[in-house]
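**Q** Mind having a look at this structure? Questions to follow.
The values are calculated or read from the model by the stated rules, or taken from the named source; none is laboratory data. It should be emphasised that the depicted structure is a prediction, and the values quoted were computed from it without experimental measurement. All Cβ positions, even for glycine, are placed from backbone atoms using ideal geometry, and neighbour counts span all protein chains on display. Just the protein is used for accessible areas: all its heavy atoms, side chains included, with ligands, DNA and RNA removed. Shrake-Rupley method; radii C 1.70, N 1.55, O 1.52, S 1.80 Å.
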Amino acid sequence: MSVDLLPSVVLSDSEELENTISSELLLYFSRQAIENALAPTNDQTINAALISPDGEPIWLSEGLAKPFAMTPILSTNCTTEAQFRLFSQSIKLPDAFYYLAPVFCEHRNVIAIVAFVSQTVDSTILLALVHSVSREINEKIKHHLYLQRLVFENHSNIPPRELNIQEVEKAAIIEAAKVCHGKIQEMYQVLNMGRTTLWRKLKQYEINIKEYK
């Protein structure tokens, strides 16, 4: 099972979705999680999408196109209770089977929905997989917001919306270096980042941890 994640079809306007989570950041986290989940498989009939709570596409994999079939269903099932019923089972439409899972921000607000689309398979495994992907995205958002708060506490003169993903990540690594006194074994645990990834990021951002020991 695999899905071609490039090129993407559409990304909606880069509006702030919730607090400091932009659609750009949401898409970054989502595509990363979807790619990791589907890359080990080899089924070309599986596609993926990221859609707004009312069903409008934020991003569609190459095998999908507008109008998106789930849009009218989500727009008419707009209450939390109705949507969560849709998340609990596969949805069979004339063109394919659809599997949905919510993406939350703080305060448990649904800010987006991950969708897997299969033309041939009605499977509880795909339903479990899409929920696993949404949980990974939720954790990334939660971790990002924590790091942003940490950064902004120490850089309160910088408006949150003027920082991009790389700036926040670099500042968070520097803060971790200060707190952990440059100890890699502590830094990668604080940052929830693999040791190899941390070394790569240190090189990328030209951060010398010896300065913090």
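**Q** Any residue in segment 122-149 that's closer than 25 Å to Ala176 by Cα: show its pairings with residues that are open to solvent by 30 Å² or more (accessible area, probe 1.4 Å) at Cβ separation under 6 Å, as long as the two are six or more apart or on different chains.
**A** His143/Asn192; Gln148/Thr20
**Q** Now for a different question. Among the residues of segment 66-96, which ones are among the β-branched types (Val, Ile, Thr), assigned to a helix (DSSP H, G or I) and out of contact with any helix residue (DSSP H, G or I) (no Cβ under 9 Å at 6 or more places or on another chain)?
**A** Filtering segment 66-96 down to residues among the β-branched types (Val, Ile, Thr) leaves 71, 73, 76, 79-80, 91.
From what is left, the residues that are assigned to a helix (DSSP H, G or I) are 71, 73, 76, 80.
Correct list: Thr71, Thr80.
**Q** Just wondering, is there one or more residues in segment 199-207 that are open to solvent by less than 80 Å² (accessible area, probe 1.4 Å), in a helix (DSSP H, G or I) and within 21 Å of Asn138 (Cβ to Cβ)? Let's see the steps before the verdict.
**A** Filtering segment 199-207 for residues open to solvent by less than 80 Å² (accessible area, probe 1.4 Å) gives 201-202, 205, 207.
With the extra rule that they be in a helix (DSSP H, G or I), the set shrinks to 201-202.
Applying the additional criterion that residues be within 21 Å of Asn138 (Cβ to Cβ) yields none.
Within segment 199-207, not a single residue is open to solvent by less than 80 Å² (accessible area, probe 1.4 Å), in a helix (DSSP H, G or I) and within 21 Å of Asn138 (Cβ to Cβ).
Residue-by-condition table, conditions (1) open to solvent by less than 40 Å² (accessible area, probe 1.4 Å); (2) at pLDDT 90 or above:
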residue: Tyr99; (1), (2): yes, yes
residue: Cys105; (1), (2): yes, no
residue: Glu139; (1), (2): no, no
residue: His144; (1), (2): yes, no
residue: Gln148; (1), (2): yes, no
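**Q** Does Phe87 satisfy being at pLDDT 90 or above and of a type outside the set (A, V, I, L, M)?
**A** Values: at pLDDT 90 or above: yes; of a type outside the set (A, V, I, L, M): yes.
Judged against the criteria, Phe87 is a match.
**Q** If you scan segment 50-97, which residues turn out to be surrounded by 13 or more Cβ atoms within 10 Å (Cβ to Cβ) and of a type in the set (Asp, Glu)?
**A** Within segment 50-97, Asp54, Glu56, Glu62 meet the criteria.
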